[in-house]
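The values are calculated or read from the model by the stated rules, or taken from the named source; none is laboratory data. What you see is a predicted model; the values in this text were computed from it and never measured. In this analysis, Cβ positions are derived from the backbone assuming ideal geometry, glycine residues included, and neighbour counts consider all displayed protein chains. What goes into the accessible areas is simple: the full protein's heavy atoms, side chains included, and nothing from ligands, DNA or RNA. Shrake-Rupley method; radii C 1.70, N 1.55, O 1.52, S 1.80 Å.
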Amino acid sequence: MKDVFHISRLIIKEKLKVLTDLEKTDLERLNHKLPFSDNVKIEDLVDKVSSYSTINKDRAWEAIEAKFGKVQNKPKRVVKLFNRPWHKYAAAAVFVGLLATAYFFKDNLLNSRTNHVETPSIVDTNLIEPGTDKATLTLANGEQVPLEKGTAFQTSNANSNGEQIVYAAGNRKTKELTYNYLTIPRGGQFHIVLSDGTEVWLNSESQLKYPVSFIDGETRQVELVYGEAYFDVTPSSENNGSKFIVLNKSQEVEVLGTEFNIKAYRDETNIYTTLVEGKVIVANQQGVTRNLTPNYQSVLSMETAEFKITTVDVNSETSWRRGVFSFKGKPLKDVMKVISRWYDVDVVFANKELESIKFKGNLNKDRSIERILSLMLSDKLKSYEIKDKTIILK
Amino acid sequence: MTNNNILSKDDLKNIFDTYYEALVQYANRFLTLKDECEDLVQDIFVGLWEKENSFPDEVSLKAYLYKTTRNKCYNVIKHNKVKDKFAASTVKALEDDTLFLKQILEEEVVRQLYQAISKLPERKQEIIKLSLKGLKNSDIAEELEIKLQTVKTLKSQSYKILREQFAEYDTLIYFLLVY
């Protein structure tokens, strides 16, 4: 049934020509799964739209209220709870009720935006924008080049259109490595193709150090100085057997051609390495190694230098690269860390207890900050205030 | 404990505003009397209010509403004294699960189109409906007796508004409190 609801939306979006690539694939898959959907054509359904307006809804709602009134006035059954402190049950029942209401309501808010929360006070929001493609390229001679959408830049071995930078397959006979840095500010993201064809997506507030071209036959080595990056590494077999290593001050990841995500932010105490495909070996400074298989994540604590391996939802962990932030039951503190990097804002919790309330959900990265914050309001997070580039959660 | 409804009146009104027409139209596929359909769907809402129903998400709520409507229609027809040929074929249609899904799909497409279109001014509604039916601009101009240029302008404005509404939905993907 869920598929039916999903495809109903896609059919309309197809007609309106607003399908994203991802949705196109989805639509094809669902068309195949639900063969009858091929016969559902908007042209044939338009007349039904008109018949909706013939229904008198006000009258219907009045009828429902009247019917409900009758039901309510019936004498209530008295239920006795023997030998039990009844108030415990009552309290529990009320609590469950509250939870369910909040839960349901939050979801329903998506369609009709009735507000049962305080109206947020917005002082000045013009300053806060979602992030964009941007980076600073630091060349071997120390020169710094701003890369931004709309501005092209070219060197002898690299080419950027302002949204990504591509290094030429270039000279494999290089004997000496020369390094460039790509630095992504808060509120930025960037895509880079290294000279061996390896692709790296860099998230906000990240820095990657990499050679302009790799030396043939030698280990390919790059450094995620800090921040978050998604790697799609070209296999060793295509690079004369050269393996690929991603360094960080606390960790080393050895790969043989694969896709994975590393998150190593300076203001976090863990390094997260998530394997999407293939195989990698993670190592800490003491040389302790762990093998990762797909759908597993290693969490390296910088305090204890110990690894913890857990299964994760890979899609959710790496969705930032596709324009969506996805959270699976993350505390608000962590959610806001991600948001603060992308919108380049500071976040203040007026009440420390808010930090630990958990959220799950997906957020499109191109939405306004107000849109996102308003989705998060509930009986717990009651309101927010925006002052310049600071968000205060109350 | 006086309040054992999980849904507040506001919640229920939201659900009603979103799904009432669609459920009535769906029921109307099987029951010819519109009043009977409305009555039946109203009872579902009363039940929703009364009972301690809770739904983890909107999908389960929606599924519940359509399924309940289907069951109620089934009961009405089964209990009808008149066993005519029409009733027999209707029962058969109601028992067909694939048909059920197809009908829900149609109803959901109509419902979402209706909600988006009904936000437009009347003239634009007329134009967009004709355009969605596949009529050319010149045919629309003729049908509505307005200038071709007006059709073009209003049509492109209307499509823009519709597109925004459907693109916007993705953002709202969802964001829930977890307990």
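A single entry from A:Phe307, A:Phe325, A:Phe349, A:Phe260 fulfils the requirement of being within 14 Å of another protein chain (Cβ to nearest Cβ) and not small (Gly, Ala, Ser): A:Phe325. Count of segment A:1-17 residues, restricted to those that are open to solvent by less than 30 Å² (accessible area, probe 1.4 Å), within 7 Å of chain B (Cβ to nearest Cβ) and within 24 Å of the chain's Cα centre (by Cα), is 3. List every residue pair whose Cβ atoms sit under 8 Å apart, with the two residues 6 or more apart in sequence or on different chains, where the first one lies in segment A:32-45 and is assigned to a helix (DSSP H, G or I) and the second, anywhere, is open to solvent by 70 Å² or more (accessible area, probe 1.4 Å). Hits for this filter: A:Phe36/B:Thr98; A:Glu43/B:Lys133.
Here A:Thr25 passes the criteria (1) more than 9 Å from chain B (Cβ to nearest Cβ); (2) modelled with pLDDT under 90; (3) over 28 Å from A:Arg321 (Cβ atoms) except the one numbered (3). Scanning segment A:246-278 for residues that are part of a loop (DSSP other than H, G, I, E, B) and either modelled with pLDDT of 95 or more or in contact with a strand residue (DSSP E or B) (Cβ under 7 Å, 6 or more places away or on another chain) (or both) yields a count of 6.
If only one of A:Ile64, A:Ile42 is closer than 18 Å to B:Tyr20 by Cβ, open to solvent by less than 30 Å² (accessible area, probe 1.4 Å), among the β-branched types (Val, Ile, Thr) and at the interface with chain B (Cβ under 7 Å from one of its Cβ atoms), which one is it? Result: A:Ile64 is the single residue among A:Ile64, A:Ile42 that is closer than 18 Å to B:Tyr20 by Cβ, open to solvent by less than 30 Å² (accessible area, probe 1.4 Å), among the β-branched types (Val, Ile, Thr) and at the interface with chain B (Cβ under 7 Å from one of its Cβ atoms). Being of a type in the set (Phe, Trp, Tyr) and within 13 Å of chain A (Cβ to nearest Cβ) is a condition met by at least one residue of segment B:97-104.
Taking into account only those residues within segment A:294-341 that are assigned to a loop (DSSP other than H, G, I, E, B) and of a type outside the set (A, V, I, L, M, F, W, C), which is surrounded by the fewest Cβ atoms within 10 Å (Cβ to Cβ)?
Step one: filter segment A:294-341 for residues assigned to a loop (DSSP other than H, G, I, E, B), giving A:294-295, A:302-306, A:312-313, A:323.
Going one step further and asking which of them are of a type outside the set (A, V, I, L, M, F, W, C), we end up with A:294-295, A:303-304, A:306, A:313, A:323.
Values: A:Pro294: 16, A:Asn295: 16, A:Glu303: 7, A:Thr304: 10, A:Glu306: 12, A:Asp313: 13, A:Gly323: 15.
Among those that are assigned to a loop (DSSP other than H, G, I, E, B) and of a type outside the set (A, V, I, L, M, F, W, C), it is A:Glu303.
Given the criteria in contact (Cβ under 8 Å) with a residue 12 or more places away in the chain and in a loop (DSSP other than H, G, I, E, B), does A:Ser237 qualify? When the stated conditions are applied, A:Ser237 does not pass them. In the set B:Asp11, B:Asp43, only one residue is under 19 Å from the mean Cα position of the chain (by Cα), modelled with pLDDT of 75 or more and more than 25 Å from B:Leu94 (Cα to Cα); that residue is B:Asp11. Screening segment A:361-385 for residues that are part of a loop (DSSP other than H, G, I, E, B) and of a type outside the set (Ser, Thr, Tyr) and picking the one that is farthest from the other protein chains (Cβ to nearest Cβ) gives A:Lys382.
Residues being on the phi > 0 side of the Ramachandran plot, more than 30 Å from the chain's Cα centre (by Cα) and modelled with pLDDT under 90 are entirely absent from segment A:96-108. When A:Asp344 is tested against (1) crowded, with 16+ Cβ neighbours inside 10 Å; (2) among the charged types (D, E, K, R); (3) not assigned by TED's automatic domain parsing to the domain that holds A:Lys365, only condition (3) is not met.
Taking segment A:215-249 as the range and being more than 25 Å from the chain's Cα centre (by Cα), among the small types (Gly, Ala, Ser) and either open to solvent by 40 Å² or more (accessible area, probe 1.4 Å) or over 18 Å from A:Leu177 (Cβ atoms) (or both) as the test, the residues that pass are A:Gly217, A:Ser236, A:Ser237, A:Gly241.
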